[in-house]
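Some notes on the structure that comes next.
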Amino acid sequence: MAIILIAAMSRIMPHPLNFSPLVAISLFGGAMFKQNWKAYLIPIGAYFVSDLLFQLMGQQGFYGISQFFVYGSMLLVVLLGANMHQPKAVKVLGFTIAGSTIFWIISNFGVWVASRVHGAIEYEPALTLGMTYLRALPFYNTFGNQLFFGSFIGDLFYSGLIFGTYALAQKRLPVLKSA
């Protein structure tokens, strides 16, 4: 429960746009937890708790159909992590880039799906799938740049931090070597 609250607070506390540990936590949970349900519960729980807190603070926490794609993309990142097996530095780097990419593709697809549904917050009937991804590219505008690079750099930073800390802890704590 503590890791869910820490991850949820990482979304609420002031930080660069999208610079959060959720992809890294999802990868790590998928790679390390023997009980898979915990790996899936942590990112979904963190998103839900932080969205609930946003809503309670008068901000938009629950924002519509595309939110399901955000949650779903995190579940896919956990599944990706579950296929990592032996986390070595280069493998963690590749899986982190893949996790960032999965999140970007799926969440932006959700924006496009939501734009097709009349009454959705993101409703924009003329929005094409290609335009959705074009808008999401880091070169489209400054805001898109901040979102994409905040997410990508945050994913790399936190994956390095979490997996690196665990690797160092394994060297110092023999009980972790067998885990």
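The values are calculated or read from the model by the stated rules, or taken from the named source; none is laboratory data. Keep in mind it's a predicted model, so treat the numbers as computed, not measured. Positions of Cβ are generated from backbone atoms using ideal geometry, with glycine treated the same way; all protein chains shown enter the neighbour counts.
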Checklist line | Sole exception among (1) closer than 21 Å to Gly110 by Cα; (2) polar (S, T, N, Q); (3) at pLDDT 90 or above for Asn83, by number | finding: (1)
Next item on the list: Answer with yes or no whether Met84 is touching a Pro at 6+ places or on another chain (Cβ under 6 Å) and closer than 27 Å to Leu161 by Cβ.
Entry: no
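In the list Thr165, Thr132, which residue meets the criterion of being part of a helix (DSSP H, G or I), more than 29 Å from Ile3 (Cα to Cα) and either touching a helix residue (DSSP H, G or I) at 6+ places or on another chain (Cβ under 6 Å) or modelled with pLDDT of 80 or more (or both)? Walk me through how you get there before you give the answer.
On the way: Thr165 fails: more than 29 Å from Ile3 (Cα to Cα).
Criteria check complete, one pass: Thr132.
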Notebook entry, point to check: How many residues are aromatic (Phe, Trp, Tyr) and touching a Gly at 6+ places or on another chain (Cβ under 6 Å) when one looks only at region 28-74?
Noted result: 2
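Looking at region 5-20, which of the residues that are in contact with a Gly (Cβ under 7 Å, 6 or more places away or on another chain) and closer than 22 Å to Val92 by Cβ is modelled with the lowest pLDDT?
To start, the set of residues in region 5-20 that are in contact with a Gly (Cβ under 7 Å, 6 or more places away or on another chain) comprises 16-20.
Subsequent filtering for residues that are closer than 22 Å to Val92 by Cβ retains 16, 18-20.
Working: Pro16: 72, Asn18: 75, Phe19: 82, Ser20: 86.
In this case the residue turns out to be Pro16.
Please go through region 136-162 and pick out each residue that is modelled with pLDDT under 70 and either out of contact with any Lys or Arg (no Cβ under 9 Å at 6 or more places or on another chain) or surrounded by 14 or more Cβ atoms within 10 Å (Cβ to Cβ) (or both). Before the answer, list the steps.
Quick first cut of region 136-162, residues modelled with pLDDT under 70 only: 136-148.
Selection gives Ala136, Leu137, Pro138, Phe139, Tyr140, Thr142, Phe143, Gly144, Asn145, Gln146, Leu147, Phe148.
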Next item on the list: Could you grab me the full set of residues in region 91-128 that are among the β-branched types (Val, Ile, Thr), over 19 Å from Phe62 (Cβ atoms) and at pLDDT below 85?
Entry: Thr128
Next item on the list: Answer yes or no: is there a residue in region 25-41 that is modelled with pLDDT of 95 or more, under 15 Å from Tyr166 (Cβ atoms) and basic (Lys, Arg).
Entry: no
Check: Any idea which of (1) without any contact (Cβ under 8 Å) to a residue 60 or more places away in the chain; (2) farther than 26 Å from Asn83 by Cβ is the one Ile3 doesn't satisfy?
Finding: (2)
